[in-house]
1. Which residue out of 44, 68 is at pLDDT 95 or above, farther than 16 Å from residue 99 by Cβ and either surrounded by fewer than 23 Cβ atoms within 10 Å (Cβ to Cβ) or in contact with a helix residue (DSSP H, G or I) (Cβ under 9 Å, 6 or more places away or on another chain) (or both)?
2. I'm trying to understand the selection: among the residues of the range 215-231, which are surrounded by fewer than 20 Cβ atoms within 10 Å (Cβ to Cβ) and over 19 Å from residue 286 (Cβ atoms)?
3. Looking only at the range 316-335, filter to residues that are part of a loop (DSSP other than H, G, I, E, B) and surrounded by 14 or more Cβ atoms within 10 Å (Cβ to Cβ); which one of those is modelled with the lowest pLDDT?
4. Considering every residue within the range 337-347, establish whether at least one is at pLDDT 95 or above, assigned by the TED database to the domain that holds residue 259 and over 25 Å from residue 240 (Cα atoms).
5. When both residues are 6+ apart or on different chains and their Cβ atoms are under 6 Å apart, which pairs have a first residue that lies in the range 268-288 and is assigned by the TED database to the domain that holds residue 229 and in contact (Cβ under 8 Å) with a residue 12 or more places away in the chain, and a second that is in a loop (DSSP other than H, G, I, E, B) and surrounded by 19 or more Cβ atoms within 10 Å (Cβ to Cβ)?
6. Does residue 27 fit the bill of being within 37 Å of the chain's Cα centre (by Cα), touching a residue at least 12 places away in the same chain (Cβ under 8 Å), assigned by the TED database to the domain that holds residue 76 and within 25 Å of residue 112 (Cβ to Cβ)?
């Protein structure tokens, strides 16, 4: 046994800070090293089997090309550590956090995650496919070409991330927060995303066709050339969103909110927009052919160059809506002047 490893094991029960040790290529099997602090320790190419690293703190340590199996890292913090090309198999990461770490091309296989956190990390090419990562936080982290396919990220927070090249195929994204993320080019077709937050997200050339999007929030997002064909998006929020050249044909959008949204060249043909609200929305050159607008409220909206052929109206409000359509506000089922809104206007005066 090399001197550095012997020193480390001799200090295992003392909780003494271990600093500037060279443990490259060492083998650790069945050792208990919990609660220790490691500063600038080099574990490159080391092998860990059934080691306990619970509640440890690692600062500026090197784990490049290391291999861990059946090792417990629960409650452990890694700060500015290097895990490039590291591999972990059947390891436990409960309450584990990586801050400022390098995880480029690291591979995790059959591991257990709970309350896992990546913050300000470089995780390009990271492989996390197929894991259950419910309630994880990934913030300010590079995930270029990372693989999160078939991973359960329910109730997790992904904040202001560039996910354009991240693999998310088959992932479970229910109740996921994607605030400020760029998900352009992603294919979410048929996936479970209900309750997720896409507020302030950038969404271009994305496919949400037949996705389950009930109660999602797309407020203040920018959506362009994206496909929501036949998606179940009931009770969704698109308040103040900017949406261009996208398709919502056949989608279920009942009770959705579009207040203040800017919509242009977008197709809502044969969609269900019943009981939806478009107050003060600007709608330009959009298609509502065969769309269900029963009990919808388009009051105070601006509707220009839109196609309302065969639209379904029943108690549909167009109170003070500005439109170049000569007949939409006077069709059977339309309400051109809403008495309650009119009374509220007088009351405000």
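The values are calculated or read from the model by the stated rules, or taken from the named source; none is laboratory data. Being a predicted model, the structure only gives us computed values, none of them experimental. Virtual Cβ from ideal backbone geometry, glycine too; neighbours counted across all protein chains shown.
1. Numbers: 68 fails: either surrounded by fewer than 23 Cβ atoms within 10 Å (Cβ to Cβ) or in contact with a helix residue (DSSP H, G or I) (Cβ under 9 Å, 6 or more places away or on another chain) (or both).
Testing whether each residue is at pLDDT 95 or above, farther than 16 Å from residue 99 by Cβ and either surrounded by fewer than 23 Cβ atoms within 10 Å (Cβ to Cβ) or in contact with a helix residue (DSSP H, G or I) (Cβ under 9 Å, 6 or more places away or on another chain) (or both) leaves just 44.
2. Answer for the range 215-231, where residues must be surrounded by fewer than 20 Cβ atoms within 10 Å (Cβ to Cβ) and over 19 Å from residue 286 (Cβ atoms): 215, 220.
3. The initial filter retains those residues of the range 316-335 that are part of a loop (DSSP other than H, G, I, E, B), namely 318-321, 324-327, 331-333.
Checking the rest, the ones that are also surrounded by 14 or more Cβ atoms within 10 Å (Cβ to Cβ) come to 318-321, 325, 331.
On the way: 318: 94, 319: 92, 320: 91, 321: 91, 325: 81, 331: 92.
Among them, the one singled out is 325.
4. Going residue by residue through the range 337-347, those that are at pLDDT 95 or above are none.
Taking every residue of the range 337-347 in turn, none turns out to be at pLDDT 95 or above, assigned by the TED database to the domain that holds residue 259 and over 25 Å from residue 240 (Cα atoms).
5. The qualifying pairs do not exist here.
6. no
Each row is one residue, and each column tells you yes or no for (1) in contact with a strand residue (DSSP E or B) (Cβ under 9 Å, 6 or more places away or on another chain); (2) within 19 Å of residue 117 (Cβ to Cβ); (3) surrounded by 19 or more Cβ atoms within 10 Å (Cβ to Cβ).
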| site | (1), (2), (3) |
| --- | --- |
| 5 | yes, no, no |
| 12 | yes, no, no |
| 23 | yes, no, yes |
| 33 | yes, no, yes |
| 61 | yes, yes, yes |
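For (1) surrounded by fewer than 24 Cβ atoms within 10 Å (Cβ to Cβ); (2) in contact with a helix residue (DSSP H, G or I) (Cβ under 8 Å, 6 or more places away or on another chain); (3) in the same structural domain as residue 51 (by the TED database); (4) more than 23 Å from residue 192 (Cα to Cα), each residue gets a yes or a no:
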| position | (1), (2), (3), (4) |
| --- | --- |
| 97 | yes, no, yes, yes |
| 105 | yes, no, yes, yes |
| 110 | yes, no, yes, no |
| 128 | no, no, no, no |
| 146 | no, no, no, no |
